[in-house]
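Visitor: Here it is, the structure, as structure tokens.
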Amino acid sequence: MSIKTILITGANGEIGHGLIEQLSEQGGMHIVAMDMVPIEESIRLRCHRIVTGDILDSHLLETLSTEHNFDTIYHLAALLSTRAERQPNLAHRVNVDGSLNLLEIAVTQSRLQGREIKFIYPSSIAVYGLPDIATKQRVGKVKEDQWLTPRTIYGINKLYTEQLGRYYANFYRQLDAEPPKGQVDFRGVRFPGLISAATLPTGGTSDFAPEMLHMAAKNKPYTCFVREDTCIPFMAMPDAITALLKLQAAPREKLTRMIYNVGAFNPSALEIFQIIQKAFPKPDVTFTSDYRRQAIIDSWPADVDDSAAHRDWDWWPKYNMEQSFAEYLIPAVRKRYAIK
Ligand code: AKB
């Protein structure tokens, strides 16, 4: 049996790190890791090939596509929400045009290989747009097909790329009279804010939670840019990796949707502070709401309904809020910053 080849874009990012670690532990596959900046030492050795390059460079992607037969593409590269608001044009290029390039590669590969190529896409709760706090509080858990009126360019980019994925998954069905020999099997999860002990995100709006944790661990002051009562769903990074792997592995016939919500816990910013305070006494945190970032967070749902993922591919997070901090985040950041 030939060894599988997996392409991961945005490999240096916080999801990329965890995913590469997990996949390389599983073994039996070649990982081709791509990022704009050189792949970090800690994951480099786990990869079969590393590529420093831009997903907007279609020539580079086409060359990669002639050199490898990809089984699965994990397209993680993206500009996150706060940064995207500052550079909407760049965000559109990276988040939409870049994704389009990858989807084209998936189509080419499925045609050349005459079989299905899986395309795993991390979308986001940013695709939702609640008009005001009162509505946010009233609706609670949001289902996949509700409130799809994103406020940010990032949310718009993510929602549109989901639609592109749907389009490319049906590409041959739309164009060919003959049954397709290969197709793109597009599968997406809408992630909540993610909290990792290993890396800090850059340019996101849910970053206040991981930043608060890492700054407290480093004994540094932190100004939290949202109000204490701000509430969105979060998830510990290991569960996010599990979600991607489980969705990838799910039998096609079990999937009733292309895009799934996944949730774990949904604390307020104050609750995050309180749980951090138990581990690192006297964290120096002040809450000073930033008008723009607060408006973004206020438009995201307080919680998501992930019953479709439970039902279709047995999605259950391992870590609730207490377990995330007690069993994963606190021990791992203590180790990272060598705290006794
Ligand atoms: C961000 O804050 O932009 C991301 C997200 C919720 O998609 N973490």
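The values are calculated or read from the model by the stated rules, or taken from the named source; none is laboratory data. Since this is a predicted model, take the numbers as computed values, not measurements. Using ideal geometry, Cβ is built from the backbone for each residue, glycine included, and neighbour counts are taken over all protein chains shown. Surface areas here come from the heavy atoms of the whole protein model, side chains and all, with no ligands, DNA or RNA. Shrake-Rupley method; radii C 1.70, N 1.55, O 1.52, S 1.80 Å.
Visitor: Being open to solvent by 30 Å² or more (accessible area, probe 1.4 Å), closer than 26 Å to Gln146 by Cα, touching a residue at least 60 places away in the same chain (Cβ under 8 Å) and not aromatic (Phe, Trp, Tyr) is the requirement here; does Lys318 meet it? Walk me through how you get there before you give the answer.
Guide: Details: open to solvent by 30 Å² or more (accessible area, probe 1.4 Å): yes; closer than 26 Å to Gln146 by Cα: no; touching a residue at least 60 places away in the same chain (Cβ under 8 Å): yes; not aromatic (Phe, Trp, Tyr): yes.
The answer is no for Lys318.
Visitor: Something else about it: Please work out which one of (1) of a type in the set (Phe, Trp, Tyr); (2) in contact (Cβ under 8 Å) with a residue 12 or more places away in the chain; (3) open to solvent by 60 Å² or more (accessible area, probe 1.4 Å) is the condition Tyr291 fails and give its number.
Guide: Single failed check for Tyr291: (2).
Visitor: So which residues in the range 180-235 are assigned to a loop (DSSP other than H, G, I, E, B), open to solvent by 10 Å² or more (accessible area, probe 1.4 Å) and in contact with a Leu (Cβ under 8 Å, 6 or more places away or on another chain)?
Guide: Pro201, Thr202, Gly203, Ser206, Glu228, Asp229, listed by residue number.
Visitor: Quick one: which of Tyr328, Tyr260 is surrounded by 14 or more Cβ atoms within 10 Å (Cβ to Cβ), more than 25 Å from Leu130 (Cβ to Cβ) and of a type in the set (Ser, Thr, Tyr)? Walk me through it before giving the result.
Guide: Numbers: Tyr260 fails: more than 25 Å from Leu130 (Cβ to Cβ).
Just one listed residue meets the conditions, Tyr328.
Visitor: Also, quick follow-up: Kindly indicate whether Tyr128 is within 16 Å of the ligand (Cβ to nearest atom) and surrounded by fewer than 21 Cβ atoms within 10 Å (Cβ to Cβ). Explain how you work it out, then say what you get.
Guide: Details: within 16 Å of the ligand (Cβ to nearest atom): yes; surrounded by fewer than 21 Cβ atoms within 10 Å (Cβ to Cβ): no.
Spelling it out, it is not the case that Tyr128 is within 16 Å of the ligand (Cβ to nearest atom) and surrounded by fewer than 21 Cβ atoms within 10 Å (Cβ to Cβ).
Let's see how each residue does on (1) in contact with a Pro (Cβ under 7 Å, 6 or more places away or on another chain); (2) over 23 Å from Tyr167 (Cβ atoms); (3) among the small types (Gly, Ala, Ser); (4) open to solvent by 10 Å² or more (accessible area, probe 1.4 Å):
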site: Ser58; (1), (2), (3), (4): no, no, yes, yes
site: Leu79; (1), (2), (3), (4): no, no, no, yes
site: Gly98; (1), (2), (3), (4): no, no, yes, no
site: Ser110; (1), (2), (3), (4): no, no, yes, no
site: Ile117; (1), (2), (3), (4): no, no, no, no
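Residues are listed down the side, and each one gets a yes or a no for (1) crowded, with 16+ Cβ neighbours inside 10 Å; (2) out of contact with any strand residue (DSSP E or B) (no Cβ under 8 Å at 6 or more places or on another chain); (3) aromatic (Phe, Trp, Tyr); (4) in a loop (DSSP other than H, G, I, E, B):
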site: Gln22; (1), (2), (3), (4): no, yes, no, no
site: Glu25; (1), (2), (3), (4): no, yes, no, no
site: Ile43; (1), (2), (3), (4): yes, no, no, no
site: Ile55; (1), (2), (3), (4): yes, no, no, yes
site: Tyr74; (1), (2), (3), (4): yes, no, yes, no
